[in-house]
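Below is one structure, written out as structure tokens, with a few remarks after it.
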Amino acid sequence: ENLFLSGLTAMEKKLAEYKCNTNEAIQLKLVRFPEDLEDENTTFNPEYSHQVFGDDEVAFGYKGLKILLYYIAGNLSTLFRIEYTSKVNEKFDCVEADDVESKIREIIPPGFCTNTDDFVSLLEKEVNFKPFGMLLHTYSIHNEEAGEDITYQIYKADMTCPGFREYHERLQTFLMWFIETASFIDVDDERWNYFLVFEKYNKDGATLFATVGYMTVYNYYVYPDKTRPRVSQMLILPPFQGEGHGAQLLETVHRYYMSSPTVLDITAEDPSENYVKLRDFVLVKLCQDLLCFSPVKLMQGFSQEMVAEAQQKLKINKQHTRRVYEILRLRATNMGDAEQSRSYRLDVKRRLIGPYKKKQRELAKMRRCLRPEEMTNQLNQIDLNLQREQLEESFQQLVSDYRRVLERLAQA
């Protein structure tokens with residue numbers, strides 16, 4: 001028996017060597033020049049691979065596994081290859097290696113290259129690639145490394161643009177690696193709008209375009225003749241993150257819808273923490289000059305006037321307007337002044353306590369049926385103390401988030 005067990009652990013040890021972390025194994029690249037293929041600095045890895053490889057984010061059966069997914073920077077033509085130093089063998093090891101290839105094939109559209117030469121010859125045709133759709137906005141950002149200003153453009157595209165459908169299929173594969181709960185959208189639904197960010201760059205005297213990121217927005221119908229656009233997905237590709245493109249994109253999309261009389265306001269589906277921070281910054285930037293947000297009016301509290309003006313002029317909904325008000329009021333408040341800071345704290349906490357109060361009422365109802373009177377009071381007391389702590393914690397967290405938004409605004 002011991003022999004059997006030691007044999008088992010040896011086998012386990014051996015098999016453990018054949019496990020690879022898929023976030024490390026998957027190597028992504030956006031290629032502009034042939035030399036990028038060999039340059040490790042142009043490689044980046046996924047943040048997530050659980051949607052393709054399961055919650056463990058592990059591929060079994062290989063040593064030194066590399067899953068290469070290289071994209072040409074503009075039109076995203078794809079090279080897909082799998083490399084490894086060794087692989088388990090069913091005959092000898094009695095186990096089968098994971099079918100990595102078919103898992104990747106499920107999310108990348110057909111028509112990819114499998115060898116580098118084909119990929120490099122496609123790279124030469126990249127000079128013909130032009131952005132899809134209608135140009136909405138051009139901006140430039142100073143790049144320290146290059147020592148120059150780089151120009152970016154934002155376009156609005158739709159499925160009638162020639163070649164866009166196929167391009168979008170390649171683009172959306174990045175969602176799987178960088179958005180935790182990503183899903184592909186139904187592109188045959190005409191109510192989707194697509195907004196794309198491109199960088200202009202030079203190669204041998206020609207101007208080329210590289211994909212930076214994108215956003216999809218769904219236009220919900222609101223009776224009788226309005227729409228309510230809802231931001232669904234937004235991704236700035238990792239090599240471009242932290243440069244301010246997200247803010248440019250969101251502001252451009254807001255301005256696009258602002259000019260439309262049929263749009264009520266803009267919402268977002270299940271927004272991530274990062275998206276909320278980004279939206280706070282963009283909306284505060286748009287709102288800070290509205291008359292209803294003058295320091296005097298901010299000190300008088302949140303008003304219907306703010307809701308109406310933000311919605312009519314900037315297509316911002318009530319919930320988001322309330323956050324904008326809290327951020328701008330923080331800026332106008334001297335938090336060193338006991339009276340001003342107390343007034344601010346109460347104002348924000350009154351909003352935060354709403355959900356608690358509702359829960360309280362529901363609990364009280366339940367308890368009346370279940371428990372004797374004196375217990376209820378004790379429980380309520382415990383609840384209230386806990387609630388005060390949680391409320392204070394939420395408030396402090398919010399203020400620190402708001403301060404970050406104001407810092408970024410001061411630098412903008």
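The values are calculated or read from the model by the stated rules, or taken from the named source; none is laboratory data. In this text the structure is predicted, and so the values were computed from the model without any measurement. Cβ: placed from backbone, ideal geometry, glycine included. Neighbour counts: every protein chain shown. With ligands, DNA and RNA removed, areas are computed over all heavy atoms of the protein, side chains included. Shrake-Rupley method; radii C 1.70, N 1.55, O 1.52, S 1.80 Å.
Annotations for the structure displayed:
- Applying a threshold of 25 Å to the alpha-carbon distances of Lys226/Lys349; Lys13/Lys66; Lys29/Lys103 flags Lys226/Lys349 as lying beyond it.
- Pairs over the 24 Å Cα-Cα cut-off, from the set Lys125/Lys203; Lys277/Lys359; Lys200/Lys315: Lys277/Lys359; Lys200/Lys315.
- Once the Cα atoms are used to define both axes, helix 338-370 deviates from the longest principal axis of the chain by about 80 degrees.
- Candidates Glu362, Glu101, Glu17: whichever shows maximal mean-square fluctuation once the chain is modelled as a Gaussian network with Cα springs under 10 Å: Glu362
- Largest first, the residues Arg255, Arg32 sort by 1.4 Å accessible area into Arg255, Arg32.
- FRET E, pair Ser86, His50, Förster distance 30 Å, beta-carbon r, rounded to 0.05: 0.75
- Distant-in-sequence amide H partners of Val212 (H built 1.01 Å from N, under 5 Å): Val197, Phe198, Glu199
- In sequence order, the range 147-158 has phi-based couplings of x, 8, 7, 10, 9, 10, 9, 10, 10, 9, 10, 8 Hz under the Karplus curve 6.51 cos²θ - 1.76 cosθ + 1.60, θ = phi - 60°, and Gly or Pro positions carry x.
- Per-q log10 I(q)/I(0), the range 43-110, q = 0.12, 0.15, 0.16, 0.17 Å⁻¹ (Debye; single scatterer per alpha-carbon; no solvent): -0.37, -0.57, -0.64, -0.72
- Under 5 Å from the amide H of Val31 lie the amide H atoms of Tyr71, Ile72, Ala73, each residue being 5 or more positions distant or on a separate chain, with H modelled from the backbone and absent for Pro and chain starts.
- Those GluC sites (Glu not before Pro) in the range 104-206 that DSSP places in a loop and that have at most 11 other beta carbons within 10 Å: Glu106, Glu144, Glu145, Glu180, Glu190
- 32 Å tail of the calculated P(r), the range 130-331, as % of Cα pairs: 21 percent
- Tilt relative to the chain, helix 2-16 - C-alpha long axis, 0 to 90 degrees, to 10: 80 degrees
- Projecting label points 7 angstrom from Cα along Cα→Cβ for Ala338 and Arg191 puts them 5.5 nm apart.
- Of Val95, Val324, Val284, the residue with the greatest mean-square motion in the GNM of the chain, using alpha carbon springs below 10 Å, is Val95.
- Projected area, mean over directions - the chain, Cα convex hull, nm²: 31.4 nm²
- Residue-normalised accessible area of the chain, given per residue in Å² at a 1.4 Å probe: 55 Å²
- Modelled label reach - Lys203, point 7 Å along Cα→Cβ, the range 97-141 residues with backbone N closer than 17 Å: 113, 116-132
- Rounded to 10°, Cα long-axis angle of helix 245-258 versus longest principal axis of the chain: 60 degrees
- For the range 212-225, putting each phi into the Karplus relation 6.51 cos²θ - 1.76 cosθ + 1.60 with θ = phi - 60° gives couplings of 9, x, 6, 9, 10, 10, 9, 8, 6, 7, 10, 4, x, 9 Hz, in residue order, rounded to whole numbers and with x for Gly and Pro.
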